[in-house]
Amino acid sequence: FLVNQTYGIMTSQNPKRAGEPFTEFFSIPFVEERLKQHPRPPIPLSLLLTEEEAALYIQSFWRACVVRCDPEIQELN
């Protein structure tokens, strides 16, 4: 994230690059090659979910645990 922001600021404020189209950081050839050899780890789910979505996941997980502990449900297995 920090590299993307720094790259964007540096290219947008460079007078030598005025008028040139913006090049996405991950489309630069040496960056693409580096990412093929050393892929970035996936972003943790905790950073992708809103607080409401996270609450739904936690509540549904807990409800499932409570249901599985029910003796009538355990008889079905």
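Here the label points at Phe30 and Thr50, each 7 Å from Cα along the C-beta direction, are separated by 4.1 nm in the simple model.
What does the extension gain come out to for Arg63 and Gln37, with contour length at 0.36 nm per residue minus their alpha carbon separation?
Values: separation 26, 0.36 × 26 = 9.36 nm, distance 4.20 nm.
The span from Arg63 to Gln37 would gain 5.2 nm if fully extended.
FYI, it's all coordinate maths here, none of it is from the lab. Note that the structure is a prediction, hence the values are computed from the model and not measured. Glycine gets a Cβ as well: all are built from the backbone with ideal geometry, and neighbour counts include every protein chain shown.
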